[in-house]
Amino acid sequence: MNTTPSTSTSTSTSTSTFNGVPIQVPLEIITEEEMAFLEAALSSALPLFPPRCSSPSSLFRVAAIASLPSSPKSQSQPLRSPDIEDSTPPAPVGSLLHRFRSRRALAVTDITGSEWCEKQVEFGLLHGRPKRTAAMEAGSIRHAELEEEVVEKVEIQIKSIEESWALKFMNFMVGANQLLFEGLTRELPVIGVVEDTWMIGVIDELQMPVGESSLNPCLVDTKTRYRATIPSEAQKRNARLQLMCYKYLWDNLVVNDFPTGHFFDHFALNPQYVLSEDIRQYSSSLGFEAKTFEEVVSYFRNTCSMLPPSDEQLLLRYELQSDHSILEEYKFSFDANWFKNEIQKRLEFWRGEREAEYVSDAERWKCRFCKFSASCPVTLASSNKAE
DNA sequence: ATTGCTTAAAGG
């Protein structure tokens, strides 16, 4: 018998193994504020989680990190129900979407990446992505720190694509539960269809309002900066788009029934896949008795229908990497028209309906940070223009 | 195509 996961928070990569023992979550005395919140949540009949999961005093949410030992194998798919068909159109052959994202969904950062510069995204896909910079490294470390404040991770071996999706769904359910009972969660995975395209992302932070104002969670994204400068408009616009993607995905999950059949079909997954003993025990420790992949998705679907939509106001928080001081806090509203237009524009590029667009003249400064600038036609275009 | 390879997001 192995042990429960380590409760040590000293290292950033807590790789405590999960081996069949129900996970012990640290318990704490519940405060009056938490109790008030709990009562409010219960009276609004929002969370209906199994007892194990509904402990309001859990300090951490447990998130599963998938570790894939060998090449994943799906169990042979039995009968595909004939009435369920993939409603999303196939990516045009030869498009970047088809070549690089056909077996997995487009990521929110794929959208924001192309909003920054489509040509840079294209170069990255075709010729290899640039190395991560020191600033990116520091940003990743800071985000891991923030996540560790509220999420305890356990490592779970997965044997198939179905199991990797199952963990995503379970992490969502635990995270959503944590949001309702503790008022905050971080690094929450979301998935959905945006403009006929499957999209996935990870919400940086969700918090319930502290006052009695509303029950709508607020989406937050922390951006760390290497220098103590105010972010440029292009950077803010890019981050706004990112947050709007998350809001769209969250609200979409909450308001509409998750299209289970389309999901299985689009990603060619086997709903009847029998989960490994490890995963079933992990699921059971969360309060979900699931034997097959389909059952996990079913729990996920039910969970979504009980969640509140997010606040119209979105929050961007810029902090300095050296001392975590706040450089700027920036609230803005979801703009449905702007969002839809922006998504459609970027999807045209991903679907190969048009050539990659270069940055505008006003944002040509972006090229100074791009490792592809030397071989990019945009440089030529600008020098021609100057003559 | 590959930063870390299991994925997204990391910052400009």
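The numbers here are math on the coordinates, done by the rules we state, and not lab data. The structure displayed is predicted, hence computed values, not measured ones. Don't worry about glycine lacking a Cβ; one is built from the backbone with ideal geometry, like all the others, and counts go over all protein chains shown.
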### Under Karplus coefficients 6.51, -1.76 and 1.60, residue-wise ³J(HN,Hα) of region A:122-137 in Hz, glycine/proline x
4, 4, x, 5, 7, 10, x, 6, x, 5, 6, 7, 4, 5, 5, 4
### Task
Please give, to one decimal in nm, the separation of the simple spin-label points placed at A:Ser325 and A:Glu145, each 7 Å out from Cα toward the Cβ.
1.5 nm
### Query
Can you run phi through the Karplus equation (6.51, -1.76, 1.60; θ = phi - 60°) for region A:304-311 and list ³J(HN,Hα) in whole Hz, with x for Gly and Pro?
4, 5, 9, 9, x, x, 7, 5
### Task
Amide H neighbours of A:Lys153 under 5 Å, at least 5 residues apart or on other chains, H built in the peptide plane: list them.
A:Ala63
## Note on the structure
Residue span A:Thr133 to A:Gln313: 0.36 nm per residue of separation minus Cα-Cα distance leaves a gain in nm of 61.7 nm
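Work out the length of the dipole vector of region A:131-201 about its Cα centre, built from +1 on the beta-carbon of each Lys and Arg and -1 on the beta-carbon of each Asp and Glu, and round it to the nearest 20 debye. Don't jump to the answer; show the numbers that get you there.
Working: 7 positive and 13 negative charges, 41 e Å.
Using only the charged Cβ atoms, the result is roughly 200 debye.
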### Task
Collect residues whose amide H, placed 1.01 Å from N in the peptide plane, falls under 5 Å from the amide H of A:Thr224; neighbours closer than 5 in sequence don't count.
A:Glu319
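Which entries of A:Lys168/A:Lys345; A:Lys131/A:Lys223; A:Lys159/A:Lys371 have Cα-Cα distances beyond 26 Å here?
Working: A:Lys168/A:Lys345 29 Å; A:Lys131/A:Lys223 19 Å; A:Lys159/A:Lys371 37 Å.
Where the Cα-Cα span goes over 26 Å, the pairs concerned are A:Lys168/A:Lys345; A:Lys159/A:Lys371.
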### Summary
Label model pair A:Leu215, A:Asn256: point-to-point distance (7 angstrom along the Cα→beta-carbon line) in nm is 2.4 nm
